[in-house]
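Asks: I have a structure here, written as structure tokens, and I will follow up with some questions on it.
Just so it is clear, none of the values below were taken in a lab; they were calculated from the coordinates. As the structure is a computational prediction, the values presented were derived from the model and not from experiment. As a convention, Cβ positions derive from the backbone with ideal geometry for all residues, glycine included, and neighbour counts pool all protein chains shown.
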Amino acid sequence: NLRPIIPVDCPPVLRAVIEQCWAMHPEKRPDFWQIVKVFEKFESSLALDGTLKLVRDSTCSDHKKGLRNWIQKLSSVHSEELSTPMPMPMPKPKFS
């Protein structure tokens with residue numbers, strides 16, 4: 001269970017993602033699609049103001065709690081998306 005040291009200057013929200021991925025119990029770890037959504041949120045935040053303001057509170061435990069709640073909300077949205085039938089893909093044009 002050795003883990004690399006997270007640098008002191010690592011943003012707390014990024015630290016929270018890393019630590020969630022390291023959870024001892026696999027069911028507590030985020031799915032890959034959830035990690036992708038988190039990083040998309042980071043990308044949007046960075047593009048807006050150059051910061052990672054995903055969670056407003058300043059303590060690491062608050063970041064973990066807020067991020068975990070946000071990821072849990074993603075799970076319910078994702079399961080709804082999976083139950084919605086996907087439209088049929090457009091056929092590729094044929095060139096002769």
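Asks: Net charge near S44, counting Lys/Arg +1 and Asp/Glu -1 over other residues with Cβ under 12 Å of its Cβ? Spell out each step's value before the answer.
Replies: Details: positive: K37, K41, K53; negative: E40, E43, D49.
For residues surrounding S44, the net value is 0.
Asks: Once R0 is set to 22 Å, what does the formula 1/(1 + (r/R0)^6) return for the Cβ-Cβ distance between T51 and C21, expressed as a FRET efficiency to the nearest 0.05? Mind showing how you got there, number by number?
Replies: Details: r = 22 Å, r/R0 = 1.00.
The calculated FRET efficiency here is 0.50.
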